[in-house]
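The values are calculated or read from the model by the stated rules, or taken from the named source; none is laboratory data. All values derive from a computational prediction rather than experimental measurement. Every residue, glycine among them, receives a Cβ derived from its backbone with ideal geometry; neighbour counts consider all protein chains shown. Calculation scope for accessible area: heavy atoms of the full protein, side chains included, ligands and nucleic acids excluded. Shrake-Rupley method; radii C 1.70, N 1.55, O 1.52, S 1.80 Å.
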Amino acid sequence: MATRKTPARAAPPSFARPLTSVDVTIFTVISEQLRVLLVRRPDTDGEPFPGRLALPGGFIDVDIDASLHDCALRKLAEKTAFHAPYLEQLGSWGSATRDPRGWCATHAYFALVAAPADEGAADNTASEWVEVEAALRKRLAFDHADILACAVERLRGKVEYTSLPAFLLQEPFTLPQLQRTYEIVLGRPMDKSAFRKRMLDAAFLAEEGPISGDAGRAAMGYRVRDRERAAVFPRTFRSVENPNAKA
């Protein structure tokens, strides 16, 4: 019986590879303000947008980064020396014009970190914590203004029904401190009794014993049980300005 020859496979088409990067929008709360970390672009010949503020990020290293998430973690550590207790993929941006060096695609993440013990430690000539509304008005490098606006919208939208603000606090923290962090991110006051019930009913917090709370009074301290994901609540929050809304 004659054997059937397997047809030779055609060589895959050759395409030019676009530049591929990861950018990270890093949020924290400092001095009662939601802030984002911005870095200063190198002011040297050949660098795009020299000297302009930008989000931390950089190109993927195929020899080091096993995934986009790994690259985001590496860039976070390189640019800030922070370990992000929360890191989430935001989306992708790409075009032939976003980077003057060539066709470029970036994969954006947002991270939540507790404010450093020395709140001015990250502020230097190369980076600074900028209040979010002020940062949204700046002319950032590349399309980072669009990425930042999307990250702020995503964060505030998810805060309405998740425990994300807990990742912005040093542990242990008190419930009043957690409520205040929610209020800073959302920009509005919240109903105290409804907030307390929501936090405790969700069972995502573990008691750590009494700690010094607001005005030096002792209060129960809490830690997040699962730092891999945020708790999701069945309903959005009620503010004191809208007491008839769903709790």
Looking only at the stretch 220-236, decide whether some residue is more than 19 Å from GLN177 (Cα to Cα), open to solvent by 60 Å² or more (accessible area, probe 1.4 Å), in a strand (DSSP E or B) and at pLDDT 85 or above. yes
Would you tally the residues in the stretch 188-211 being farther than 16 Å from ALA231 by Cβ, touching a Ser or Thr at 6+ places or on another chain (Cβ under 9 Å) and outside any strand (DSSP E or B)? 3
Under 7 Å by Cβ, and 6 or more places apart or on different chains, what pairs join a residue from the stretch 151-166 that is closer than 15 Å to ARG198 by Cα with one that is of a type in the set (Gly, Ala, Ser) and buried (at least 19 other Cβ atoms within 10 Å of the Cβ)? THR162/ALA230; SER163/ALA230; LEU164/ALA230
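Condition check: surrounded by fewer than 18 Cβ atoms within 10 Å (Cβ to Cβ), closer than 30 Å to ARG223 by Cα and modelled with pLDDT of 95 or more. Does GLU78 satisfy that? Explain how you work it out, then say what you get.
Numbers: surrounded by fewer than 18 Cβ atoms within 10 Å (Cβ to Cβ): yes; closer than 30 Å to ARG223 by Cα: yes; modelled with pLDDT of 95 or more: no.
For GLU78, the condition - surrounded by fewer than 18 Cβ atoms within 10 Å (Cβ to Cβ), closer than 30 Å to ARG223 by Cα and modelled with pLDDT of 95 or more - is not met.
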Would you pick out the residues in the stretch 150-166 that are of a type in the set (A, V, I, L, M, F, W, C) and either modelled with pLDDT under 95 or open to solvent by 40 Å² or more (accessible area, probe 1.4 Å) (or both)? CYS150
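Just to check your reading of the model, which residue among THR106, THR97, THR80 is among the polar types (S, T, N, Q) and more than 30 Å from VAL159 (Cβ to Cβ)? Can you show your working first?
Values: THR106 fails: more than 30 Å from VAL159 (Cβ to Cβ); THR80 fails: more than 30 Å from VAL159 (Cβ to Cβ).
Of THR106, THR97, THR80, the one residue that is among the polar types (S, T, N, Q) and more than 30 Å from VAL159 (Cβ to Cβ) is THR97.
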Would you confirm whether or not the stretch 118-127 contains a residue that is within 21 Å of GLY91 (Cβ to Cβ), open to solvent by less than 40 Å² (accessible area, probe 1.4 Å) and not acidic (Asp, Glu)? no
Can you pull out every residue in the stretch 150-187 that is of a type in the set (Ser, Thr, Tyr) and either more than 16 Å from VAL113 (Cβ to Cβ) or not in a loop (DSSP other than H, G, I, E, B) (or both)? TYR161, THR162, THR174, THR181, TYR182
Please enumerate the residues belonging to the stretch 13-71 that are within 19 Å of PHE167 (Cβ to Cβ), open to solvent by 30 Å² or more (accessible area, probe 1.4 Å) and outside any loop (DSSP other than H, G, I, E, B). GLN33, ARG35, HIS69
Can you name every residue in the stretch 140-149 that is of a type in the set (A, V, I, L, M, F, W, C), buried (at least 20 other Cβ atoms within 10 Å of the Cβ) and outside any loop (DSSP other than H, G, I, E, B)? ILE147, LEU148
